[in-house]
Number of protein chains: 2
Amino acid sequence: MPFLLQHTDEKTSARAGLLTLPHGDVETPIFMPVGTQGSVKTLHPAELEDLGAQIILGNTYHLWLRPGHELIKNFGGLHDFTTWRKPMLTDSGGFQVWSLAKMRKITEEGVRFQSHLDGSKMMLTPELSMEIQASLGSDIAMLFDECPPYPCEEKYASKSLDLTTRWAKRCKDWITENQPLTNALPQHHFGIVQGSIYADLREQSARELVELDFDGYAVGGVSVGEPEEEMFRAIDNAVPFLPKDKPRYAMGLGTPPQILEMISRGVDMFDCVMPTRIARHGVAFTLDGPIHIKNLVHANDQRPLCESSHPHVSRFSRSYIRHLFRAGEMLSLRLLSFHNLHFYLSLTRHAREAILAGTFSEFKESFIQRYNAKQTES
Amino acid sequence: MPFLLQHTDEKTSARAGLLTLPHGDVETPIFMPVGTQGSVKTLHPAELEDLGAQIILGNTYHLWLRPGHELIKNFGGLHDFTTWRKPMLTDSGGFQVWSLAKMRKITEEGVRFQSHLDGSKMMLTPELSMEIQASLGSDIAMLFDECPPYPCEEKYASKSLDLTTRWAKRCKDWITENQPLTNALPQHHFGIVQGSIYADLREQSARELVELDFDGYAVGGVSVGEPEEEMFRAIDNAVPFLPKDKPRYAMGLGTPPQILEMISRGVDMFDCVMPTRIARHGVAFTLDGPIHIKNLVHANDQRPLCESSHPHVSRFSRSYIRHLFRAGEMLSLRLLSFHNLHFYLSLTRHAREAILAGTFSEFKESFIQRYNAKQTES
C-alpha cells in the first residue's frame, strides 16, 4: 500500500497523507501541475522543482497523438523523455476524447473519434489506454472511463456508469496480464467514480470500483459545467464509500476556495489547468483574489504580484509584468504561470500544515474570507 | 577612460579588452543579447546571468513608446525596472524609427514619424534621444544618427553623414549640459560611424566623431541588406581612423562566422537579434552550422542540440525539443533562445580566450571550417 494516512482533521474530513510512488514521495493534500503535452506550459522542469512540485500530470490523449507513445517508450518513458524525475500521473485519455476530439462515437468496445490535430480516425479502448499509459511509464495511471456530460438524465448516467465499470474490469484484466511493460518500476492505478449528480449512482460507482480494488480513487465528471454546489455534492456522494486508506483525487478543479472545500471533504489530490491557463490571459492569483495584470491600476505599481510570491517572480513589480504582458513578451506568461502554480502549491502545502497542526478550519475560513473580500477586479 | 586594451593579436587586428562600466566590468570581445522591450525575449534575467551575459541592450524607441521613459525613470531607471543589475546599452532609437515607424520625415531638427503601435505622430530629435536614454539610465547611450539605406547614392550618403555629424554635436552639447539626469552613476556615449559603402565617407565620419571625442565608436549602417563583403569593407574603412584605446562596436550583426571576421578586424562589441529571433522559428546554432529542429531527422534523436550546449538545455534531447516545438509549447522557444545565446556568448568568450592565448587565427579558421562544412540543413 503506497498511501500512509498521517492525520485526519477533527472538525472536517481533511486528511494529511504520504503517497509513496516509484519516483518519490508525495505529501498530501497536493496540487498537481498539468503538463498536457509533456511540458507544464511555459515552465522548465527545474522551475517545477523550485516550486516544490511533487507530482505532475501528463495527458495520454495528447501524447498518444503526438509524438506517439511508441516514441516515448523508446526513450524509456515520459520521465526520460521530459527529464522530469519526480512522480507523474497520466490520465486515461477519456476526458480529452470527450472534450477535444471530433465525431466521437461510444461503443462497448471503446470510443471511435477523429483526431483534433488532423482529423484522422482513431479508436481508444480500455486496453489501449492502459497500454499507452504503461508505455509512458507514469507512477499513477487512470482507468479509462466514460465521462457523461452535464446536465445528464439519470437513465443515461446509469448506463454510462455501467459501461465505466465494465471498462474498469477490462483495465484490471489488462493490468494483471501485462504489467510491467516499460521498466521494472511498478505502476499504480486509480479508478474513477462517475454517476453525474445522482447520489445513488455515485455510491454504486464507488462500491463497484472499490470491489475491483485499485490503488486510489478519483471523482470524475466534475467541473464539466455544473454549478459549484453540484460539484461539492458529487464529492460528498462518493467519499463515504471510498476506503480511508487509499488516496482520493478530484479531477480537473478548481478555484482556490474550491480546493479548500474539497480538502475539507476528504480529497487528497487535485489537478487543474486554470493556474497556467489564466496566467496566459494575464490573470494572477493573490491572497485578495485574482487580479488582471492588464488593468491600468497596475501601471505604476511597484509592488510584486502578491506579498507571498516566490523570489523568482517577486523581484519584479506589477508595473514591469504589466508592461511585458502588454508588449506581448513571453516572459510575462512565464512569470504569471510560475506565480500561479506557486500560489496553488502553497495553498495545498499550507492546508497540509494546518491539518497537521489541527488548525485547518481556521486556515480555510480565514483564507476564503480574505480571498473573497475584494471582488473589484476579478 | 573606461576601456583597458589588454592584448592585440599579432596576426590579425583582434583585441581583448576590459570595459569598466557603472554596473560592472565587461570583457571584450563581447556579444550583447538584445532586450528590445526591457526583456531578452523568452528569458528571465537570472538565466542571462547563468549564461554569463555581461551586458544587454535595451531599445530606446520601443521603451519610449511603451511603457514610456518617464515611467521607467520613476522606477530609478531601466535596471530597477527590469531587475537586470549588470551593464546595459541603449541604442538611440534612430534605427528603429528608420525600420519600424511609418511616414518617416527627416528634417534638420530630427525625425517626424508615426508610431508603429498606434499611428500617433511623434518626433525624435538628438536631444530627446539623449534625454530618453539618460532617463533609462543605461551604462552606454548611443548617439542619435541617420542610418542611410542600402543601396544609397554617394551624394545622399554624404549629406546624411553631415547631418549625423551635426546631430552628434547636438548630442554632445546636450550631454555636457544635462548629465547626470537620473542618478549619480555616469553614462558613457558612443558615436556612430556612417558613410554607407564609401570609403572616404567612412573615414570622414570616423574622423569627425573622434574629433568630438566620445567614449567609444560604433560602425552603423551595416546589416541593412548589403552583401557580406560590403559589411566587412565598411568595418575596414572605419577602424583605421578610430582610436585604439576606445571600444569599437559593430551594430546589429551577424552570423557566427561574421562575428569572428569582425573580431579579426578589431571590433570589440556585437549585438544581434538573430540568436533569439531564429530560435522562435525553430533554428538552433551548432558547431556544425544551424539546424532546423522541426526536421524529421531529429524525431528520434536522443542527442542534445549541440555537444557544447549549456546543462539547462543539454539535459533535453533533440527529439523532445522537436516535439515541444511542433506542439507549440513555449518551453521550446525558451530552450532554443537560451541555447542560441549560449552559443553566441561562448563564441565571443572563446574568441577572447584565443586572443589572450595567441591562437585566435587558428580558432577562427577551425571554427568557420567546421561551421560551414555541413550545409545540408540550414
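The values are calculated or read from the model by the stated rules, or taken from the named source; none is laboratory data. Model, not experiment: these values are computed from the prediction. No Cβ is skipped: glycine too gets one built from the backbone with ideal geometry, and neighbour counts run over all protein chains shown. Ligands, DNA and RNA are excluded from the accessible area calculation, which covers all protein heavy atoms including side chains. Shrake-Rupley method; radii C 1.70, N 1.55, O 1.52, S 1.80 Å.
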Q | Net charge dipole size for chain B [Lys, Arg +1 and Asp, Glu -1 on Cβ; Debye, nearest 20] | A | 1160 debye
Q.
Am I reading the B/A interface right? What is its buried accessible area, both sides, 1.4 Å probe, to the nearest 100 Å²?
A. 3500 Å²
**Q.** Å² per residue, accessible surface of segment B:279-373 at 1.4 Å
**A.** 38 Å²
Q: About the Cα centre of segment A:279-373, how large is the charge dipole given +1 on each Lys and Arg Cβ and -1 on each Asp and Glu Cβ? Please answer in debye to the nearest 20.
A: 340 debye
**Q.** Inter-copy spacing of B:Asp213 label points, which lie 7 Å from Cα along Cα→Cβ, given in nm from shortest upward
**A.** 9.2
Q. What is the distance, in nm, between label points placed 7 Å from the Cα along the Cα-to-Cβ direction at A:Glu353 and at A:His281?
A. 3.1 nm
Q | Spacing of the two label points (7 Å from each Cα toward its C-beta) at A:Lys374 and B:Ala46, in nm | A | 2.5 nm
Q) What residues does segment B:47-82 have that are buried by at least 40 Å² of accessible area in the full protein assembly compared to the chain on its own, 1.4 angstrom probe? A) B:Arg66, B:Leu71, B:Phe75, B:Phe81
Q: Could you name the residue in chain A with the C-beta closest to the rotation axis that superposes chain A on chain B, along with the separation in whole Å?
A: A:Met330, 3
(Q) 7 Å along Cα→Cβ for the label point: how many nanometres lie between A:Asp50 and each equivalent label in the other copies, listed shortest first? (A) 0.7
(Q) Rounded to two decimals, what is the ratio between the C-alpha radius of gyration of chain B and 2.2 N^0.38 Å? (A) 0.97
Q: Taking a cut-off of 15 Å between Cα atoms, list the aspartates and glutamates near A:Lys294, but don't count ones fewer than 8 places away on the same chain.
A: A:Glu329, A:Glu377
Q) From the Cα gyration tensor of segment A:1-159, with a ≥ b ≥ c the square roots of its eigenvalues, which class applies: rounded if a/c is under 1.5, or else prolate if a/b is larger than b/c, or else oblate? A) oblate
(Q) Taking only complete DSSP H runs, can you tell me which helices of chain A stretch 27 Å or more along their own long axis by Cα positions and average at least -0.5 on the Kyte-Doolittle scale? (A) A:330-357
Q: Can you send over the carbon and sulfur percentage of the accessible area for the protein assembly as shown, probe radius 1.4 Å, protein chains only?
A: 50 percent
Q: Kindly report the accessible area of segment B:3-272 per residue (heavy atoms of protein chains, probe 1.4 Å, no ligands, DNA or RNA), in Å².
A: 36 Å²
Q) In this model, which of B:Lys169/B:Lys364; B:Lys11/B:Lys169; A:Lys121/A:Lys159; B:Lys73/B:Lys102 are farther than 30 Å apart at the alpha-carbon? A) B:Lys169/B:Lys364; B:Lys11/B:Lys169
Q) Of A:Gly17, B:Pro22, B:Ile259, whose Cα points farthest to the positive end of the dipole of the protein assembly as shown (charges on the beta-carbon: +1 Lys, Arg; -1 Asp, Glu; origin at the Cα centre)? A) B:Ile259
Q) In debye, nearest 20: dipole of segment A:137-191 around its Cα centre with unit charges on the Cβ of K, R (+) and D, E (-)? A) 140 debye
Q.
Under the convention of a label 7 Å out along Cα→Cβ, give the distances in nm from A:Asp25 to the same position in every other copy, shortest first.
A. 4.7
Q.
Between B:Ser361 and B:Gln179, how high is the FRET efficiency from 1/(1 + (r/R0)^6) when r is the Cβ-Cβ distance and R₀ = 41 Å? Nearest 0.05.
A. 0.50
Q) Given a 1.4 Å probe and the protein chains all in place, what does the accessible area of B:Asp25 round to, in Å² to the nearest 10? A) 80 Å²
Q. Highest GNM mean-square fluctuation, chain A, Cα pairs closer than 10 Å: which of A:Gly110, A:Gly76, A:Gly220?
A. A:Gly76
Q: Work out the charge dipole of segment A:287-378 with +1 on the Cβ of Lys and Arg and -1 on the Cβ of Asp and Glu about the Cα centre, then indicate which of A:Ala373, A:Ala357, A:His298 is farthest towards its positive end.
A: A:His298
Q) 222 nm [θ] for chain B, helices only, -39500 (n - 2.57) per DSSP H run of 4+, per residue, to 500? A) -12500 deg cm²/dmol
Q.
Using square roots of five times the C-alpha gyration tensor eigenvalues, list the equivalent-ellipsoid semi-axes of the protein assembly as shown in whole Å, biggest first.
A. 57, 28, 21
